[in-house]
Amino acid sequence: MCQVYVASAILILALVDCGFALQCWDCKSEFDVTCRDYFNVSRIEENNRIYENFNFQQSNSRQFSIGNRNNPRKIHCDGSYVNSYNQKTVCLKTVSRGFSGSGSNAEIPNVHRECRIVSKSLAAGECPDELKNDRSRTIDYCVTCETDGCNLATGIKSNIVLASVPLLLLALLQK
């Protein structure tokens, strides 16, 4: 019976640990147009699977290697880069024009989706001061969020529900 408790605890810790890491979409529309709005998550995930299958067959091709692709992908923002208790990790989406050094046309909006470290006092939905005060570009839209991937990533709730299943089964088996 002790083995069941240990196995359940390990399963719960594994699922909850994955669930508490914030996931954000990471991409820049200057390099991949699929990062622009309308952001079609289903199509992006399908394309990622196609590239992964291709890379499995063509592992020597540098052009298509997973590490060199700039297409939208979900990344884990686990907070390991947060240096202070006064900082937090959020997902950020900006739409701007005229970013210096990008070489892009100032008339075409650039969409950036990323994980970012901000001050803990920044409320969800607000834009970080360093972006609001950036004079090298015009920010048309800027928003942060603190839930999994402002762009439709899975939430923590599903992981907590999955983690509670072994405990529920254990409680039923003891009766």
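Couple of notes before you dig in:
- Within segment 73-116, considering residues that are in a loop (DSSP other than H, G, I, E, B) and under 18 Å from VAL143 (Cα atoms), the one modelled with the lowest pLDDT: PHE99
- Test result for THR154, outside any strand (DSSP E or B), of a type in the set (S, T, N, Q) and modelled with pLDDT of 80 or more: no
The values are calculated or read from the model by the stated rules, or taken from the named source; none is laboratory data. Just so it is clear, the model here is predicted, and its values are computed rather than measured.
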